[in-house]
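Novice: Quick one: this structure, given as structure tokens, is what I'll be asking you about.
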Amino acid sequence: MLVLGVTTGLAAPPAAHAAVGSAVLGSWDYVSVPSGCANALTGTEPGDVTVKADGAWRTVRLRRSGTLSSSAVSGATTVTGRIATDSRGSTKVGIKVSASATAKPRSPSICAVDNYAVDATVSARQAVTPARSWLVVRSSGSTRGSSQTGFGSPDVTGGFVALGRSLTKLVPAGTYTLGGGVDASVNVPANSTTARSAAASATATVALFPIGTLRARSGDGLGYVKAGHRDCTHNRVKAYFSDAARTSVRSATFSVDGQRRFTLTGSQLQRDAVFVSSVPRASSGAIRVDILLRSGARRTSYATSWPCA
């Protein structure tokens, strides 16, 4: 019974920044036994715990045990998550979850355990993105016995996928629920003496990145020239020069997706920034800068961004 809150409607928000209505770590158990049969569990059940969307990792735990019908039952979850937003419109959800459930009949009985389940989830509810964005889902982990898993956004058709499946999907500006988790469940039929167990664990990320958002930067030349986010309206990227670039660089050659565009030398390097234009909308916008220092040493700066289409 894996549950994430679902937002109704996808109206574009007026604010030009990311926001989250609530950031929640969920840790629940669910019981179903026939009427008149024992239902006596004790221990910690956090439920939904609201946390700050400040990028800090936080943890809640469920620990439950006792008797259901004629079975000794235990359940446990560990839910660790972090949720972060930025002024450009990105929302990132980090997920580390595990859940386990066991049921051990003490003796045959007409009282069954129809279902005992534990859920472990992390979610950003009412996550706002002000522009078309890439929904990106990645996860890994394991399951044993009866379990459910899911990560992504239930607001997006095909946007909620099982453990181990990845997803990269362009979605409209709007308000979404993001996150996911795992569920482990057991049941004991009437008159059974067989012990049952189930477990699941996962590490996952679910994120919304507005089109053109800087994806990654690398290289030993970042201290001289550093590309920023892509402007999808004009299909260009602004590359910034450091003070060291203006004093130490002899030339800087710019390439886009492997194709050389232009070289700056001399007084052309005495600037704060330069635009790299005509970046293909559907590409990763790979900007490479080959830097020759006045000392003769060579450096390289790389950057990629999320496609504009």
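The values are calculated or read from the model by the stated rules, or taken from the named source; none is laboratory data. From a predicted model like this one, the values you see are computed outputs, not experimental measurements. So basically every Cβ, Gly included, is an ideal-geometry build from the backbone, and we count neighbours across all protein chains shown. These accessible areas exclude ligands, DNA and RNA; they are computed on the full protein's heavy atoms, side chains included. Shrake-Rupley method; radii C 1.70, N 1.55, O 1.52, S 1.80 Å.
Novice: Looking only at segment 144-167, which residues are open to solvent by 40 Å² or more (accessible area, probe 1.4 Å) and on the phi > 0 side of the Ramachandran plot?
Specialist: Matches in segment 144-167: Gly145, Gly158, Gly164.
Novice: Being of a type in the set (Ser, Thr, Tyr) and in a loop (DSSP other than H, G, I, E, B) is the filter; apply it to segment 144-158 and report the residue that is farthest from Ala38 (Cα to Cα).
Specialist: The first filter runs over segment 144-158 and keeps only residues of a type in the set (Ser, Thr, Tyr), leaving 146-147, 149, 153, 157.
Pick out the ones that are also in a loop (DSSP other than H, G, I, E, B) and you get 153, 157.
Numbers: Ser153: 37, Thr157: 41 Å.
The qualifying residue farthest from Ala38 (Cα to Cα) is Thr157.
Novice: If Ser192 passes every condition in (1) among the polar types (S, T, N, Q); (2) outside any strand (DSSP E or B); (3) open to solvent by 40 Å² or more (accessible area, probe 1.4 Å) but one, which one does it miss?
Specialist: (3)
Novice: Shifting gears a bit: Please tell me if Thr91 is under 19 Å from Gly21 (Cβ atoms), crowded, with 22+ Cβ neighbours inside 10 Å and either within 25 Å of the chain's Cα centre (by Cα) or not aliphatic (A, V, I, L, M) (or both). If you could, list the steps in order and put the result at the bottom.
Specialist: Working: under 19 Å from Gly21 (Cβ atoms): yes; crowded, with 22+ Cβ neighbours inside 10 Å: yes; either within 25 Å of the chain's Cα centre (by Cα) or not aliphatic (A, V, I, L, M) (or both): yes.
Yes.
Novice: While we're on this one: Say whether the condition of being closer than 21 Å to Ser27 by Cβ, free of Cβ contacts under 8 Å to residues at least 60 places away in the same chain and within 14 Å of the chain's Cα centre (by Cα) is met by at least one residue in segment 144-151.
Specialist: yes
Novice: Among the residues that make up segment 291-301, is at least one of them in contact with a strand residue (DSSP E or B) (Cβ under 8 Å, 6 or more places away or on another chain), open to solvent by 50 Å² or more (accessible area, probe 1.4 Å) and of a type outside the set (Lys, Arg)? Reasoning before the result, please.
Specialist: So the first thing to find is which residues in segment 291-301 are in contact with a strand residue (DSSP E or B) (Cβ under 8 Å, 6 or more places away or on another chain), and the list is 291-294, 298-301.
In the following step, the residues that additionally are open to solvent by 50 Å² or more (accessible area, probe 1.4 Å) were identified as 294, 298-299.
Filter again for of a type outside the set (Lys, Arg), leaving none.
So far as segment 291-301 goes, no, none of its residues is in contact with a strand residue (DSSP E or B) (Cβ under 8 Å, 6 or more places away or on another chain), open to solvent by 50 Å² or more (accessible area, probe 1.4 Å) and of a type outside the set (Lys, Arg).
Listed here are the residues, each with its yes/no results for (1) surrounded by fewer than 16 Cβ atoms within 10 Å (Cβ to Cβ); (2) within 21 Å of Met1 (Cα to Cα); (3) at pLDDT 95 or above.
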| site | (1), (2), (3) |
| --- | --- |
| Ala16 | yes, no, no |
| Val24 | no, yes, yes |
| Ser32 | yes, yes, yes |
| Leu41 | no, yes, yes |
| Thr44 | yes, yes, yes |
| Gly55 | yes, no, yes |
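Novice: If you don't mind, there's one more thing I want to ask. Within segment 61-81, work out how many residues are buried (at least 22 other Cβ atoms within 10 Å of the Cβ) and not polar (S, T, N, Q).
Specialist: Of the residues in that region, 7 qualify.
Novice: What residue, among those in segment 104-119 that are farther than 20 Å from Thr42 by Cα and hydroxyl-bearing (Ser, Thr, Tyr), is surrounded by the fewest Cβ atoms within 10 Å (Cβ to Cβ)?
Specialist: Per the criteria, the residue is Ser107.
Novice: On to the next question. With respect to Lys92, is the statement that it is free of Cβ contacts under 8 Å to residues at least 40 places away in the same chain and assigned to a strand (DSSP E or B) true? Show your work before the answer.
Specialist: Numbers: free of Cβ contacts under 8 Å to residues at least 40 places away in the same chain: no; assigned to a strand (DSSP E or B): yes.
Taking the combined requirement at face value, the residue does not satisfy it.
Novice: For segment 49-91, which residues satisfy the criterion of being β-branched (Val, Ile, Thr) and closer than 18 Å to Thr177 by Cβ?
Specialist: Val49, Thr50, Val51, Val79, Ile83, Thr85, Thr91
Novice: Let me ask something else about it. So, Arg215, is that one in contact with a strand residue (DSSP E or B) (Cβ under 7 Å, 6 or more places away or on another chain), of a type in the set (Lys, Arg), closer than 24 Å to Thr85 by Cβ and open to solvent by less than 30 Å² (accessible area, probe 1.4 Å) or not?
Specialist: Answer is no for this residue.
Novice: When the residues of segment 96-143 are narrowed to those that are more than 22 Å from the chain's Cα centre (by Cα) and assigned to a loop (DSSP other than H, G, I, E, B), which ends up farthest from Ser74 (Cα to Cα)? Steps first, answer last, please.
Specialist: To start, the set of residues in segment 96-143 that are more than 22 Å from the chain's Cα centre (by Cα) comprises 100-117.
Subset that is assigned to a loop (DSSP other than H, G, I, E, B): 106-112.
Values: Arg106: 14, Ser107: 17, Pro108: 19, Ser109: 19, Ile110: 20, Cys111: 17, Ala112: 16 Å.
Across segment 96-143, the extreme among qualifying residues is Ile110.
Novice: Output yes when any residue across segment 243-251 is more than 29 Å from Ala282 (Cβ to Cβ), open to solvent by 40 Å² or more (accessible area, probe 1.4 Å) and under 16 Å from the mean Cα position of the chain (by Cα), and no when none is.
Specialist: No, because not a single residue in segment 243-251 is more than 29 Å from Ala282 (Cβ to Cβ), open to solvent by 40 Å² or more (accessible area, probe 1.4 Å) and under 16 Å from the mean Cα position of the chain (by Cα).
Novice: Turning to a different aspect of this structure: Mind checking which pairs have a first residue in segment 201-228 that is farther than 21 Å from Thr177 by Cα and a second that is among the basic types (Lys, Arg) and open to solvent by less than 50 Å² (accessible area, probe 1.4 Å), Cβ under 9 Å, 6 or more apart or different chains?
Specialist: Gly212/Arg230; Leu214/Arg230
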